[in-house]
Amino acid sequence: MPEMPPSKQLPHLVFGGEVKQLDSVEFKDLNALDIVGIYPNYASAYAAWKARAQQTVDNALMRYFIVHLHRLLDPGSGTASSDSRDHRLMLSWRRIARSPGVQKGIGIAAAEYLRFVWHTTRFQVEPPDIYERVVPDLPVILAMWHGQHFLMPFIKLKQHRAKVLISRHRDGEMNAVAAERLGIGTIRGSGAHNGEFHKKGGLSAFTEMLQALRDGYAVALTADVPKVARVAGLGIVKLAQMSGRPIYPVAMATQRRYQLNSWDRSAVNLPFGRGATVVSDPIRVPAEADDAVLEKVRRDVEASLNAATERAYALVDRRQGRARG
C-alpha cells in the first residue's frame, strides 16, 4: 500500500487488550489496555498492528485494533483505502461509538498525546503575570472556542482545582476520559443557546457548574454554541451573572498544527514548535443585568475571545498582533 503524502496526516490509533469472548470487543480490564501508539497513516498503523498481533499470537483472547482517528476528528476527511475497508478488524464509526473499551482507549491515547505535545512545545504566556493577576478572582470561569481547546488542561497549576463542561454526545465520552486523565473534573451536558438550559442536559449541567464555582473550582467551557463557530452564546454569560464569578477568555495555539475541515475549524496541535497562551481581561456581569446588558456582555466575550485567538496565532506564526496586558 502506498504511503500517504507527508503533508496529509491521517492519524490512526493502534491499541489492544484481552477480550471476554472471541466474538466480542468487550475487554476484560479497561485499565489494562495496551496503547501501542498513534501513527500518521494507515500503512504505518497496519505495520504496528501486525507486529503487536504477532507477538501475542499464543493468546487467542488478545485482540488488537486500528482506529481511524482522522475520521473521528473530521468525519468528512475521506474514505478509507481498499486495504483498510477489507480488513475485518477495522471498526466502523458506529461500532466504535458503542464500545466503551474503544472510547476509553482513544481518550487515554489522546491525553498522553497531548501531554507529549505540551512537554515538547515552547510556550509563551501573555500577559506573563496572569497567574498572579487571577488570584483575587478565583474561582473563575474560563471561556474558549470549540476546536481550539485541546491543550487547555495544562494551564491549570497543581494547586488549582478545575472542572470542564463536556457534551453528553457519544464523542464526549472520549473527551471526558482524556480530561480526567489530565486531572480535570468533568461536568456532562451541553452549553445553552439563548438561555435554553433545559435542552440536552443543560439545566443539570448549569446547576452543577454553579455548585462547582461555589465549591472553589474554576469552570471551563466553550463559549460558542454547537455548530455555530465563533459566535458566543448566552449560557456562559448567565453563568457569570448567577455565580458572580468573572469570565476569563483564553486562547491557546501552536506553531505546528493540522487544521481540520470541520465546523469549528479544529486545530490539532503537533509537537516540537512554539506555543502561546493568551488571556484577555476579565469580564464581569452585574447580578441585576437586564437583557440588553447581557447581550452587550455576550458580544464582549465574543470580541475578547476573537482578539485572544488572533493574538495567540500571531505569536506562534510570528505575525504582527496587538499585545494583551
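The values are calculated or read from the model by the stated rules, or taken from the named source; none is laboratory data. Computed from a predicted structure; not experimentally measured. FYI the Cβ positions are ideal-geometry reconstructions off the backbone, even for glycines, and counts take in every protein chain you see.
The requirement of being assigned by TED's automatic domain parsing to the domain that holds Asp137, polar (S, T, N, Q) and either free of Cβ contacts under 8 Å to residues at least 40 places away in the same chain or in contact with a Cys (Cβ under 7 Å, 6 or more places away or on another chain) (or both) is not satisfied by Gln255.
Filtered by the rule that a residue be among the hydroxyl-bearing types (Ser, Thr, Tyr) and under 18 Å from the mean Cα position of the chain (by Cα), segment 203-230 gives a lone residue, Thr222. The strands (runs of 3 or more DSSP E) falling completely within segment 30-129 that include 1 or more residues that are at pLDDT below 90, on the phi > 0 side of the Ramachandran plot and not acidic (Asp, Glu) map to 34-39. Residue check: is Val237 buried (at least 18 other Cβ atoms within 10 Å of the Cβ) and in contact with a helix residue (DSSP H, G or I) (Cβ under 6 Å, 6 or more places away or on another chain)? Yes, satisfied.
Taking segment 252-291 as the range and being closer than 19 Å to Val231 by Cβ, in contact with a strand residue (DSSP E or B) (Cβ under 6 Å, 6 or more places away or on another chain) and β-branched (Val, Ile, Thr) as the test, only Ile283 passes.
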